[in-house]
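> Questions regarding the structure given below will be posed in turn.
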Amino acid sequence: MPITFRVNGVARTLDIEGDTPLLWVLRDELGLTGTKFGCGVAACGACTVHVDGSAVRSCAYPVEAVAGAEVRTIEGLANGDTLHRVQQAWIDHQVPQCGYCQSGMIMAVVDLLDTVPNPTDEDIDFAITNICRCGTYSRIRKAIHAAAKAGEDA
Amino acid sequence: MGTALQITKRAFMIGGVAVGGGMVVGYAYLRDKPGTAGFEDWGQKAEALNAWVKITPANEVVIAVPHAEMGQGVYTAIPMLICEELEVDLDSVRVEHPDLDGKYINEYPIKHEVGLESGPILWVIMRIIAKMPMIATGGSSTIRGRYDDARRIGAATREMLIAEAADRWGVAPSECYARKGQVHLRGQDYMFTYGELAEAAALRDMPSDIPLKEKKNFHTVGTPQRRLDIPAKVKGEATFGIDVVLPGMLYAVPRFCPHHGGTVAAYNIASVETMPGFKAVVPITDGVAVVATSTWRAMKIANALDITFDPGDGAGVTHDTVAADLRQALTGDTIFTAEEDGDVAATFAASDDVFEASYDLPYLAHTCMEPMNATVRVQGDQAEVWSGSQSPTLAANGVEQGTGISTSNVTTYNTFLGGGFGRRAEQDFVRAAAEVAKAFEGTPIKMTWPREEDVRRDIFRPAAAATFKATLDEQGGVSALHARVALQSVMAGVGERFGLAMASPETDKTMEDGLKFSPYHFASRLIDKAPYDNPILIGNWRSVGHSHNAFFMESFIDELAHHSGQDPFAFRAKLLQNAPRQKNVLAHVARIANWESPIGAGRGRGIALHTSFESTVGEVAEVSVAADGSFTVDRVYCVIDCGPVVNPDTVKAQMESGIVYGLTAALYGEVTFEDGAAQQSNFTDYEALRLYETPEMIVEIVESDDRIGGVGEPSTPPIAPAVTNAIFNAVGIRVRTLPLMNVNLRIA
Ligand code: FES
Ligand code: FES
């Protein structure tokens, strides 16, 4: 059964098994490899994307559940050449090391700031449970506060 | 194994005209002969570097970094060193992975370049390189380390450009100077861009022995620089091995025998061949691979496949049997001496206070954020491999093992690595993909390991056990120390997998790394080791032998301090009487951590110091332990002396990274076995530290002019003992085994 949804503003129709996780549809069918596979069981957050504006772990999100929805991935976050303020904060604070977890990390943080524009450390602890095996966490915390501030100033 | 041969590697700085004009400069290597030296000898002399500078007629400066970028910042550090002497701004250069098939220089015949890694990994690479035919042309010099070599490449290139400009102007080169990608004539407005000079400059003789800049004149090296790989990584544009897409490719997913030492008994494809996307089930080493039209379909089929396994040699191997066997090995008959100085036995015999303690550490998985994967295409007697490998040389070896195609017919394309930590210094993930590609000639095969396979079929950090004994003199110094470790030999395991006779437990230096050559003064010392083996695959894990030995040594030193009523910091400082560099780091970290100040009830401070990969790191951890036994690591102070610093921000980032990696292991790291099969399989049962548990980290760098040391690993070894020593300080409970999640810290 064809499933139609929008990805980064573009309508897509795919004829695919409905239980295929959104992650693998993005990566293998649509060539959007910025979203990463880390665990497949919703435990690490590497695959985080937005569905209708909320962060979801796409490895455990069947594609049939996004029918009619708007999906946003890391590739759709910047506005042309202008980076999202979270991406900019990630550069300013030199967050990524290997970088593999950072697409999911950034998407989770964008959702956090959309919901809680000025999060406390406790808010951050509670909301950002993604795994980074390179251990960039303390820079992530600083960069989140910086991005929140940039949002206020904007 | 015979005595260590002195092995030399000659490096040839070579230059030439690039395809399409412009110039290229780099190094080629000639190895004299394969020898039998231990990796410690290599570590000193065989720092491999092959960075290439290409300057196009359009004045574009491209630096090819063939080293694996796995987060440690080499993609930025090598260009920084070159830019320093070449006199171009870091933000004006472009970095690429070189095409190892000679796009840069035609006479460069080495297909598989040396990846940059320290210690044992480098050793393996060198051993494989030594087996491969190599020819090189050019002048000769001896490698002293990449820190100098990269700058030399920059300086030689600059001087060739200056010489060309000077000739065009009819002046002496000393009348000219280079700045920001241009050559200027002193006191005049004349100027050439490098691009204008490059093609002709490329035909000039390459100067040797150009004096390098003094450190005080550096504009780039030693100051924090933004990493060149980060913009792509925040946009999701960096290509990792798992992201490789080739036209017409098929997707493979492995299903390995979970029992190390076991085999596939039987499988039946009838149950799965009608599933969507099914292509084939291909037998591979230690398992099977499902081939399908997408990763997800292959995963689903692999899960549904009716397959049974025979535990083979893994039968009966459990956590408890390993622990018991290690204990037994420690008191067994086969013991190899690693270091002996003075008469330890006599000193103990004469003492009425010999202090003893034993420690145990578990197997650890790597869990690189990016699960193992590789893409291989086989075409006749040729093969190509796309993978994030810690060395393309190792990847080529994997293809050869999986297909029989000689490494000289293998083309490697290296991608970004989603973490390495030693795991990607293996070739099994390439071999598995290659075995499938061979069965699908002409079709690219991308194999992705589910996380469960990545954990169960990891090549683990070995479990280890140790006993320590010491006696003190009247002044509170150590008059005798005896340390004995038992574990599987990492290098013997690696050698077996690469088909190289490399090391036995007797010659494997990683087993005693961090115990031997301790900077502490012991009036007499004996370091020895007990071999032990089982079918569980073991390999390099961030900091290798240091990862367990630092825990053993720094726990025991702490225990000795308390046993003799001395302050753990003051005791260490006393033992470092002959090691000023280490003593300085120790004093520095104690100072910034306010070691002397009171810390409050239920809280504690612990200190640890360790030298590895030619860097010394001191750490002080602060912990809080609640009455119910729950605890937090609140803060970690970290000081490193790594000699000259290239990018200080990267050094700090690597310190933070190594601390989190070591803390994850200290808190949660433990792989247990049943019949040789790992009982953990994903982040659900093999936890990783998360943001909310990450301590505040204060990192400082002590600059020194000593040899340059590594930064990717040395902050990992001290963190576990710093934390357990802090726990002792807080609640008086001595932790002698990890992970801490299994330890009851409730005060009785
Ligand atoms: S891959 Fe989806 S949460 Fe880990
Ligand atoms: S940057 Fe490597 S896993 Fe997060």
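> Among the residues of the stretch A:92-124, write down those that are β-branched (Val, Ile, Thr) and within 9 Å of chain B (Cβ to nearest Cβ).
Residues satisfying the conditions are A:VAL95, A:ILE106, A:ILE124.
> Next question. Filter the stretch B:669-698 down to residues that are surrounded by fewer than 20 Cβ atoms within 10 Å (Cβ to Cβ) and part of a helix (DSSP H, G or I), then give me how many there are.
Looking only at that region, the number is 2.
> State all residues of the stretch A:118-154 that are in contact with a Lys or Arg (Cβ under 7 Å, 6 or more places away or on another chain) and among the polar types (S, T, N, Q); if no residue qualifies, say none.
A:THR129
> Another question, if that's okay. Assess whether B:GLY712 counts as being under 30 Å from A:ASP123 (Cβ atoms), assigned by TED's automatic domain parsing to the domain that holds B:VAL620 and buried (at least 23 other Cβ atoms within 10 Å of the Cβ). Before you say what the answer is, go through the steps one by one.
Values: under 30 Å from A:ASP123 (Cβ atoms): no; assigned by TED's automatic domain parsing to the domain that holds B:VAL620: yes; buried (at least 23 other Cβ atoms within 10 Å of the Cβ): yes.
The answer is no for B:GLY712.
> Further, regarding this structure: Which of the residues spanning the stretch B:491-513 are touching a strand residue (DSSP E or B) at 6+ places or on another chain (Cβ under 6 Å), within 20 Å of B:PHE460 (Cα to Cα) and either acidic (Asp, Glu) or crowded, with 24+ Cβ neighbours inside 10 Å (or both)?
B:MET511, B:GLU512
> From (1) more than 27 Å from A:ASP153 (Cα to Cα); (2) at the interface with chain B (Cβ under 8 Å from one of its Cβ atoms); (3) within 16 Å of ligand 1 (Cβ to nearest atom), pick out the condition that doesn't hold for A:ILE74.
All conditions are met except number (1).
> Would you kindly identify the strands (runs of 3 or more DSSP E) lying entirely within the stretch B:225-317 that contain at least 1 residues that are of a type in the set (Lys, Arg), more than 8 Å from chain A (Cβ to nearest Cβ) and on the phi > 0 side of the Ramachandran plot?
Those strands (runs of 3 or more DSSP E) do not exist here; none qualify.
> A follow-up question, please. Any residue at all in the stretch B:685-698 that's touching a Pro at 6+ places or on another chain (Cβ under 6 Å) and among the hydrophobic types (A, V, I, L, M, F, W, C)?
So far as the stretch B:685-698 goes, no, none of its residues is touching a Pro at 6+ places or on another chain (Cβ under 6 Å) and among the hydrophobic types (A, V, I, L, M, F, W, C).
> Can you name the number of the only condition in (1) among the polar types (S, T, N, Q); (2) crowded, with 17+ Cβ neighbours inside 10 Å; (3) at pLDDT 95 or above that B:THR321 fails?
Answer for B:THR321: the failing condition is (2).
> Filtering the stretch B:473-500 down to residues that are in contact with a Ser or Thr (Cβ under 9 Å, 6 or more places away or on another chain) and assigned to a loop (DSSP other than H, G, I, E, B), which residue is farthest from B:LEU576 (Cα to Cα)?
B:SER489
> So, A:THR115, is that one among the β-branched types (Val, Ile, Thr) and surrounded by fewer than 20 Cβ atoms within 10 Å (Cβ to Cβ) or not?
yes
> Which members of the stretch A:1-53 meet the condition of being acidic (Asp, Glu) and either at the interface with another protein chain (Cβ under 8 Å from one of its Cβ atoms) or crowded, with 23+ Cβ neighbours inside 10 Å (or both)?
The answer is A:GLU17, A:ASP28, A:GLU29.
> Of the residues in the stretch B:344-384, how many are loosely packed, with under 14 Cβ neighbours inside 10 Å and not assigned by TED's automatic domain parsing to the domain that holds B:MET249?
7
> Would it be correct to say that B:GLY419 is surrounded by 24 or more Cβ atoms within 10 Å (Cβ to Cβ) and within 16 Å of ligand 1 (Cβ to nearest atom)?
When the stated conditions are applied, B:GLY419 passes them.
> Suppose we keep only residues that are modelled with pLDDT under 95 and assigned to a strand (DSSP E or B) within the stretch B:590-640. Which one would you say is farthest from B:SER547 (Cα to Cα)?
This residue is B:SER615.
> Further question on the same structure: Condition test on B:ALA304, is it of a type outside the set (Asp, Glu), within 19 Å of B:MET447 (Cα to Cα) and in contact (Cβ under 8 Å) with a residue 60 or more places away in the chain?
It is false that B:ALA304 is of a type outside the set (Asp, Glu), within 19 Å of B:MET447 (Cα to Cα) and in contact (Cβ under 8 Å) with a residue 60 or more places away in the chain.
> Would you be able to say whether some residue in the stretch B:400-408 is out of contact with any Ser or Thr (no Cβ under 7 Å at 6 or more places or on another chain), in a loop (DSSP other than H, G, I, E, B), closer than 30 Å to B:GLU554 by Cβ and not assigned by TED's automatic domain parsing to the domain that holds B:PHE498?
No, the conditions are met nowhere in the stretch B:400-408.
> Scan the strands (runs of 3 or more DSSP E) fully inside the stretch B:349-399 and keep the ones with 1 or more residues being within 16 Å of ligand 2 (Cβ to nearest atom) and within 14 Å of chain A (Cβ to nearest Cβ).
B:373-379
> I'm checking my understanding of the structure. Among residues of the stretch A:80-106 that are within 16 Å of ligand 1 (Cβ to nearest atom) and without any contact (Cβ under 8 Å) to a residue 60 or more places away in the chain, which one is farthest from A:ALA46 (Cα to Cα)? So that I can check it myself, show each step before the final result.
Keep residues of the stretch A:80-106 that are within 16 Å of ligand 1 (Cβ to nearest atom), which gives A:98-106.
Still in the list and also without any contact (Cβ under 8 Å) to a residue 60 or more places away in the chain: A:98-99, A:102, A:106.
Details: A:CYS98: 13, A:GLY99: 10, A:GLN102: 7, A:ILE106: 10 Å.
Ranking the qualifying residues of the stretch A:80-106, first place goes to A:CYS98.
> In addition: Working only within the stretch A:125-154, note down all residues that are within 11 Å of another protein chain (Cβ to nearest Cβ), of a type in the set (A, V, I, L, M) and in contact with a helix residue (DSSP H, G or I) (Cβ under 7 Å, 6 or more places away or on another chain).
Residues satisfying the conditions are A:ALA127, A:ILE128, A:ILE140, A:ALA143, A:ILE144.
> Pick out the one residue from B:THR650, B:THR664, B:THR724 that is at pLDDT below 95 and part of a helix (DSSP H, G or I).
Within the list B:THR650, B:THR664, B:THR724, the selection yields B:THR650.
Condition check ((1) near ligand 1 (Cβ under 6 Å from one of its atoms); (2) assigned to a helix (DSSP H, G or I)) across all residues:
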{"position": "A:GLY18", "(1), (2)": "no, no"}
{"position": "A:LEU26", "(1), (2)": "no, yes"}
{"position": "A:PHE37", "(1), (2)": "yes, no"}
{"position": "A:VAL56", "(1), (2)": "no, no"}
{"position": "A:ALA65", "(1), (2)": "no, yes"}
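> Continuing with the same structure: If the requirement is being within 16 Å of ligand 2 (Cβ to nearest atom) and either in contact with a Cys (Cβ under 6 Å, 6 or more places away or on another chain) or of a type outside the set (Asp, Glu) (or both), which of these qualifies: B:GLY404, B:GLY419?
Details: B:GLY404 fails: within 16 Å of ligand 2 (Cβ to nearest atom).
Among B:GLY404, B:GLY419, only B:GLY419 is within 16 Å of ligand 2 (Cβ to nearest atom) and either in contact with a Cys (Cβ under 6 Å, 6 or more places away or on another chain) or of a type outside the set (Asp, Glu) (or both).
> Further, regarding this structure: Looking at the stretch B:437-452, can you tell me whether even one residue there is farther than 23 Å from A:GLY45 by Cβ, more than 16 Å from ligand 2 (Cβ to nearest atom), within 16 Å of the chain's Cα centre (by Cα) and away from every other protein chain (no Cβ under 14 Å)?
no
> Looking for something under 29 Å from B:LEU364 (Cα atoms), under 26 Å from the mean Cα position of the chain (by Cα) and surrounded by fewer than 21 Cβ atoms within 10 Å (Cβ to Cβ) - is there at least one such residue anywhere in the stretch B:576-590?
no
> Now for a different question. In the set A:THR33, A:THR13, which member is assigned to a loop (DSSP other than H, G, I, E, B) and either in contact with a His (Cβ under 6 Å, 6 or more places away or on another chain) or free of Cβ contacts under 8 Å to residues at least 12 places away in the same chain (or both)?
It is A:THR33.
> Out of the residues in the stretch A:30-78 meeting the condition of being of a type in the set (A, V, I, L, M) and within 16 Å of ligand 2 (Cβ to nearest atom), tell me which one is farthest from the chain's Cα centre (by Cα).
The qualifying residue farthest from the chain's Cα centre (by Cα) is A:ALA43.
The values are calculated or read from the model by the stated rules, or taken from the named source; none is laboratory data. Computed from a predicted structure; not experimentally measured. So basically every Cβ, Gly included, is an ideal-geometry build from the backbone, and we count neighbours across all protein chains shown.
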